[in-house]
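Here's the structure we're looking at; comments come further down.
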Amino acid sequence: MYTLQVNIVNTSTNPLPSYATAGAAGMDIRANLQSPVTLQPLERNLIPTGLFIELPDGYEAQIRPRSGMAIKQGITCLNSPGTVDSDYRGELKIILINLSNTVQMINHGDRIAQMIISKTEKAELVLVEQLNGSLRGEGGFGHTGIK
């Protein structure tokens, strides 16, 4: 199996992002905080990680919510999945929102998101007068029903 090498700088005291299990697609990312952050219901905050990455050309990092935080605490990531471009060199920061009806705390070292490294493709857009038809046509937004 091919393993992609990604350069990373870690200015936090947390361990490097890692895969929790052998079959995990995403690496857990932890909060790098001087003091706990309180999230009121419907409040959002930008949480630093202390991580800086250098992705190879043709790759992106996708930042996604952790399912456990979503179901247990009602916390998820906004702008999800967030895209980290290969030419970005700033600190990875995670936009968290509390969708629960109770106050939630984020502490230093909490696993707050997961990062997936994925190949990207560049597209060349071709301006045409009309598109080829398909069986689906313009159907969207649940047009096939729920059952």
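Largest mean-square fluctuation among GLU124, GLU91, GLU43, in a Gaussian network model of the chain whose springs join Cα atoms under 10 Å apart, belongs to GLU124. Students often forget the sequence filter, so: which aspartates and glutamates lie under 18 Å Cα-Cα from LYS122 once same-chain residues fewer than 8 apart are removed? Partners found: ASP57, GLU60, ASP85, ASP87.
Amide H contacts for ILE112 (H built 1.01 Å from N in the peptide plane; partners 5 or more residues away or on another chain; cut-off under 5 Å): ILE29, ARG30, ALA31. Using the Cβ-Cβ distance between GLN5 and LYS122 with R0 set to 22 Å, the FRET efficiency works out to roughly 0.50.
Scale the Cα Rg of the chain by the rule-of-thumb value 2.2 N^0.38 Å and send over the ratio, two decimals. Don't jump to the answer; show the numbers that get you there.
Numbers: Rg = 18.8 Å, N = 147, 2.2 N^0.38 = 14.7 Å.
In units of the globular-protein estimate, the chain measures up at 1.28.
Within the same chain, lysines fewer than 8 places from LYS72 are excluded, and of the rest, those with a Cα less than 24 Å from its Cα are LYS93. Dipole magnitude for region 7-119: computed about the Cα centre from +1 point charges on Lys and Arg Cβ and -1 point charges on Asp and Glu Cβ, it is near 360 debye.
Computed from the coordinates by the stated procedures, all read-outs in this text should not be read as laboratory data. Bear in mind the structure is a predicted one, so any value in this text is a computation, not a measurement. Quick reminder, even Gly has a Cβ in these numbers, built from the backbone with ideal geometry, and neighbours come from all protein chains shown.
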